[in-house]
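Below: one structure, written as structure tokens.
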Amino acid sequence: MPRLLILETRRLGDAVMSLPFLRGAAEKYELHVACSEAARPLYELALPPERITTLGKRMSPAVFRELRRFRAQIAVSVWADVRDHLLMRALGVPRRVGFPMNRMNYYAHHLAWRRRSLRIGEAIQGACRVVGIAPLTEPLERKSYRQHHVAAWGQLAEALGFSLDLRPPWIDLPAGALPERAECFFRENQGTKIWLLHPGAAKESRKWPHYGRMIGEVFARHGTPLILFQPADGPVLEVPAGYANCLPWPQGSLDEFLRLAARSDFVLCNDSAAAHVGAAFGKRVLTVFGPGSAEWFAPYTPQAKIFESSVCPFRPCYDRCVQPSYLCLEDVSFSRVAQAIEELVEGKDAPL
């Protein structure tokens with residue numbers, strides 16, 4: 001089979017959104033993935049370790065040689081980033097498919113710092129044309145500036161002769177069990193809807209501040225079975241006294257979190273990898289968005305409910321807040337999210 005190199009070097013949530021493409025491509029191509037360290041355990045569920053290369057912030061000679069040894073015949077990147085495209089060319093890949101840097105392909109160019117990056121990328125692309133270098137052999141253009149990120153993966157798939165199968169689950173977990181206290185929790189709540197709450201995010205600007213109140217005023221009051229994921233970098237949320245049906249779960253391996261999500265019914269979280277994991281398993285996902293764009297990066301499932309605010313004129317700002325506080329999060333009220341959760345907890349489970 002032809003050898004295909006996939007560049008997906010961003011965050012874990014971005015890697016999750018690539019999985020339908022990976023699944024379809026595996027039927028036609030021999031794959032190799034270049035990814036971030038955080039995403040590697042996810043890709044190891046789909047590919048053998050020798051078909052995954054971890055990229056750091058800087059490309060080392062050893063990593064470059066490892067990618068070169070694969071001798072890819074085709075390479076793809078979903079990001080409008082000339083650095084990815086020049087890497088494909090430097091690796092000697094003859095067919096290079098992706099999205100060149102321009103106003104249609106480049107996210108959030110309304111922001112001054114993003115416009116500067118776009119202009120630099122366009123200048124590099126222009127210099128390449130002058131000297132007869134083509135970073136991409138098959139440049140694509142997003143069908144809509146507002147289209148979802150997963151749709152861009154669909155365009156790459158179309159260019160390579162297949163279509164995305166978006167049916168969940170996108171993640172195939174090997175047989176295995178969780179630690180006994182988790183297995184006991186699931187046994188005791190068999191036949192009952194279980195919630196997974198992940199209050200973390202990559203940036204403070206994405207952490208909605210009302211989850212602790214939600215635990216006490218909604219989940220504990222109803223005695224709802226709740227798995228409370230406790231990220232290593234916080235926030236630390238207290239479990240109300242007497243709330244016996246809450247399972248606090250300190251952050252461990254990615255495998256543990258995936259298994260918890262796979263066996264839950266609802267996922268409540270911020271704009272984070274947890275939202276995309278929930279979508280990958282076909283769960284009902286309730287996500288609070290702050291400085292990011294739900295149009296581009298909402299969990300890709302009809303089972304998603306998004307809470308966001310347009311009160312800030314600079315949104316999406318991608319974590320470079322120019323306001324005295326995070327207005328985009330502050331304007332997502334507790335009552336608004338609580339009402340949606342109450343309806344689901346009380347069994348009013350019409351599709352979201």
Worksheet item: So what does S310 come to for accessible area, using a 1.4 Å probe and Å² rounded to 10?
Response: 100
Item to complete: Count the net charge of all other residues whose Cβ sits under 10 Å from the Cβ of S77, scoring Lys and Arg as +1 and Asp and Glu as -1.
Response: -1
Discussion item. Compute a Gaussian network model of the chain, connecting alpha carbons closer than 10 Å, and tell me which residue from S333, S205, S325 fluctuates the most.
Written reply: S325
Worksheet item: So how strong a dipole does the range 207-271 carry about its Cα centre when Lys and Arg Cβ are +1 and Asp and Glu Cβ are -1, to the nearest 20 debye?
Response: 160
Fill in: Lys/Arg +1, Asp/Glu -1 at C-beta; the chain dipole; positive extreme among A298, A273, P2
P2
Fill in: Cα-centre dipole for the range 244-328 with unit charges at Cβ (Lys and Arg positive, Asp and Glu negative), debye to 20
120
Discussion item. Under 8 Å for C-alpha pairs, at least 6 residues apart: give me the relative contact order for the range 234-352, rounded to a whole percent.
Written reply: 18
Discussion item. With a 10 Å cut-off between alpha carbons and a GNM built on the chain, which of P174, P316, P49 moves the most?
Written reply: P174
Worksheet item: Once every DSSP H run of n ≥ 4 in the chain is given -39500 (n - 2.57) and the sum is divided by its residues, what mean residue ellipticity at 222 nm do you get, rounded to the nearest 500 deg cm²/dmol?
Response: -9000 deg cm²/dmol
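Compute the relative contact order of the range 6-69 as a whole-number percentage, counting only Cα pairs closer than 8 Å that sit 6 or more residues apart in sequence.
Relative CO of the range 6-69 lands at 32 percent.
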Discussion item. Rounded to the nearest 10 Å², what accessible area does V311 have for a 1.4 Å probe in the complete protein model?
Written reply: 80
Discussion item. Is there a quick way to get the dipole size of the chain? I mean about its Cα centre, with the Cβ of Lys and Arg at +1 and of Asp and Glu at -1; what is the value in debye to the nearest 20?
Written reply: 1400
Item to complete: Order the following by accessible area, largest value first: M104, M214. Probe radius 1.4 Å; ligands, DNA and RNA are ignored.
Response: M104, M214
Practice prompt. Compute the signed sum of charges (Lys and Arg +1, Asp and Glu -1) over the other residues within less than 11 Å, Cβ to Cβ, of E44.
Written response: 0
Worksheet entry | Proximal aspartates and glutamates to K57, defined as alpha-carbon separation beneath 14 angstrom and excluding residues fewer than eight positions away on the same chain | E8, E37, D84
Worksheet item: In bins 10 Å wide, starting from 0, what share of all Cα pairs of the range 25-81 does each bin hold, as a percent?
Response: 20, 56, 23, 0
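Quick one: of K143/K203; K28/K283; K207/K305; K28/K305, which pairs are farther than 24 Å apart, Cα to Cα? Don't skip to the answer; put the middle values down first.
Working: K143/K203 30 Å; K28/K283 29 Å; K207/K305 17 Å; K28/K305 35 Å.
Table pairs above 24 Å Cα-Cα are K143/K203; K28/K283; K28/K305.
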Worksheet item: According to a simple spin-label model (label point 7 Å from Cα along Cα-to-Cβ), what is the distance in nm between R11 and D331?
Response: 2.1
Item to complete: At most 16 other Cβ atoms within 10 Å plus a DSSP loop assignment makes a site exposed; report the longest stretch of the chain without any exposed GluC sites (Glu not before Pro).
Response: 239-345
Worksheet item: Hey, any idea what % of the range 162-224's accessible area is carbon plus sulfur with a 1.4 Å probe?
Response: 49
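Relative contact order of the chain, please, whole-number percent, based on alpha carbon pairs below 8 angstrom and at least 6 residues apart.
Details: 603 pairs, mean separation 51.1, N = 352.
15 percent.
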Item to complete: Using every Cα-Cα pair within the chain, state what percent have a distance larger than 35 Å.
Response: 27
Worksheet item: What is the local net charge at V311, summed over the other residues whose Cβ is closer than 12 Å to its Cβ (Lys, Arg +1; Asp, Glu -1)?
Response: -2
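The values are calculated or read from the model by the stated rules, or taken from the named source; none is laboratory data. Just so it is clear, the structure is predicted and the values come from calculations on it, not from any experiment. All Cβ positions, even for glycine, are placed from backbone atoms using ideal geometry, and neighbour counts span all protein chains on display. All accessible areas refer to the heavy atoms of the entire protein, side chains included, with ligands and DNA or RNA removed. Shrake-Rupley method; radii C 1.70, N 1.55, O 1.52, S 1.80 Å.
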